[in-house]
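Trainee: Take this structure first; my questions come after.
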Amino acid sequence: MRSQTLPSRQVERAKIVLAAARGESSRHISESVGVARDTARLWMRRYEAEGLKGIEEDRPRSGRPRTITREIEEMIVSKTVSEAPPADESTHWTTRLMGKALDMHPVTIWRVWYKHGLKPHQVKRFKLSRDPRLVEKLHDVVGIYMNPPANAVVFSFDEKSQIQALDRTQPGLPLKKGRAGTMTHDYKRHGTTTLFAALNMATGHVIHDGMPRHRHQEFLKFMKGVERSVDPELEIHVILDNYATHKHENVRTWLAKNPRVHFHFRPTGASWTNMVERLFAELDNRQLKRLAVNSVPQLIDAIRAYLDRRNQDPTPFVWTKSAKDILTKINRGLDTLAAQH
């Protein structure tokens with residue numbers, strides 16, 4: 001009776017039963033609980049005849065019998081997942097197209113899809129790495145994340161290139177009750193910049209800089225700054241992608257002269273293994289998506305202000321999947337693709 005989570009009708013019935021157990025009359029019970037006297041009598045009789053089960057469950061109600069049998073449901077599900085609509089009509093099923101194909105009402109199709117969790121209008125993107133050294137690189141990168149070396153600092157590095165300084169052609173309207181904020185669909189371009197970012201995996205602190213280009217010269221300049229910022233007694237491990245500038249001859253020469261700096265290249269076609277990409281997604285959603293500026297310096301200032309504020313109270317991203325779990329999922333995907341093609 002004191003439950004905060006059970007349906008209110010069950011709590012109400014429990015109050016009726018307990019009041020009857022105390023010897024109260026049906027009239028008094030109906031007034032105290034707030035139900036009709038016949039309702040109070042009904043649940044007292046049900047409890048007396050069937051016990052607790054009698055008040056927990058409602059009896060089947062009369063109504064029109066089901067017209068969608070299990071076989072019809074299975075047929076709808078099978079057609080949804082194994083067949084495509086006519087190519088000249090759509091690339092995916094809709095309730096109306098499926099209803100037309102099966103001579104059923106679209107609402108019936110929707111109910112079956114909802115019951116079975118089918119959403120043909122949605123699609124998720126994926127890419128399976130074809131890197132011949134996938135296993136080796138994956139174990140290396142994931143190992144660095146989950147078991148970082150002692151006396152070392154681990155950075156996840158990448159460039160976010162071609163960030164556009166965009167200004168809207170007209171002022172937007174502010175958010176108000178019952179209406180989202182607005183912004184024009186067209187814009188004016190005022191140039192681009194490239195963000196260089198190195199995310200400290202232990203602390204969440206970001207070393208960052210904005211540069212007009214992302215050649216090996218800019219990359220080397222940024223990495224030298226990262227190296228100078230770290231205690232000389234510590235080693236530096238950098239997780240980065242396979243971009244050609246990261247393997248330039250001048251970069252390799254600098255690495256040879258700085259043996260405490262180690263590069264760990266992620267698998268090709270697996271950007272999700274680089275945790276700084278998560279930072280870039282956060283930057284996009286919170287700062288760049290709605291930003292309106294009229295010059296590249298304004299854009300750089302906005303990015304710098306956001307990352308500097310984040311560095312005041314940084315939150316590290318935590319890697320949780322083991323290399324074994326990831327490879328199992330990748331192999332399952334490869335097997336599925338092989339079976340379909």
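Trainee: Please return the ranges of strands (runs of 3 or more DSSP E) entirely within region 157-272 where 2 or more residues are touching a Gly at 6+ places or on another chain (Cβ under 8 Å) and surrounded by 13 or more Cβ atoms within 10 Å (Cβ to Cβ).
Mentor: Counting at least 2 such residues, we get 187-200, 206-211.
Trainee: Still on this structure, please answer the following. If Ala49 meets every condition in (1) more than 41 Å from the chain's Cα centre (by Cα); (2) over 30 Å from Leu6 (Cβ atoms) apart from one, which number is that one?
Mentor: (2)
Trainee: Sort out which residues of region 1-23 are at pLDDT 90 or above and part of a loop (DSSP other than H, G, I, E, B), and write them in order of number.
Mentor: Passing the criteria: Arg22, Gly23.
Trainee: Could you say whether any residue in region 39-60 is in the same structural domain as Ile16 (by TED's automatic domain parsing), modelled with pLDDT of 90 or more and polar (S, T, N, Q)?
Mentor: yes
Trainee: Tell me which residues, restricted to region 105-155, are hydrophobic (A, V, I, L, M, F, W, C) and part of a loop (DSSP other than H, G, I, E, B).
Mentor: Passing the criteria: Leu118, Val123, Phe126, Leu128, Ala150.
Trainee: Looking at (1) under 25 Å from the mean Cα position of the chain (by Cα); (2) farther than 30 Å from Val296 by Cβ; (3) not acidic (Asp, Glu), can you tell me which one Gln162 breaks?
Mentor: Gln162 satisfies all of (1) under 25 Å from the mean Cα position of the chain (by Cα); (2) farther than 30 Å from Val296 by Cβ; (3) not acidic (Asp, Glu) except (2).
Trainee: While we're here: Mind checking which residues of region 17-34 are under 47 Å from the mean Cα position of the chain (by Cα) and of a type in the set (Val, Ile, Thr)?
Mentor: Once the filter is applied, which keeps residues that are under 47 Å from the mean Cα position of the chain (by Cα) and of a type in the set (Val, Ile, Thr), region 17-34 yields only Val33.
Trainee: Go through (1) within 25 Å of the chain's Cα centre (by Cα); (2) farther than 27 Å from Leu220 by Cβ; (3) part of a loop (DSSP other than H, G, I, E, B) for Phe317 and report which single condition fails.
Mentor: (2)
Trainee: Phe196 fails exactly one of the following numbered conditions: (1) farther than 20 Å from Ala302 by Cα; (2) within 32 Å of the chain's Cα centre (by Cα). What is the number of that condition?
Mentor: The number of the failed condition is (1).
Trainee: So which residues in region 69-92 are over 16 Å from Trp110 (Cα atoms) and of a type in the set (Val, Ile, Thr), if there are any at all?
Mentor: Within region 69-92, Thr91 is the sole residue that qualifies.
Trainee: Considering only region 207-228, state which residues are closer than 18 Å to Ala152 by Cβ and among the hydrophobic types (A, V, I, L, M, F, W, C).
Mentor: Selection gives Ile207, Met223, Val226.
Trainee: Looking at Val154, Val107, Val142, which one is β-branched (Val, Ile, Thr), over 30 Å from Asp335 (Cα atoms) and in the same structural domain as Val238 (by TED's automatic domain parsing)?
Mentor: Answer to the selection: Val154.
Trainee: Now a separate question. How about region 273-314: which of its residues are of a type in the set (Gly, Ala, Ser), within 16 Å of His208 (Cα to Cα) and exposed (fewer than 15 other Cβ atoms within 10 Å of the Cβ)?
Mentor: Selection gives Ala281, Ala305.
The values are calculated or read from the model by the stated rules, or taken from the named source; none is laboratory data. As the structure is a computational prediction, the values presented were derived from the model and not from experiment. We place every Cβ from the backbone using ideal geometry, glycine too, and count neighbours over all the protein chains shown.
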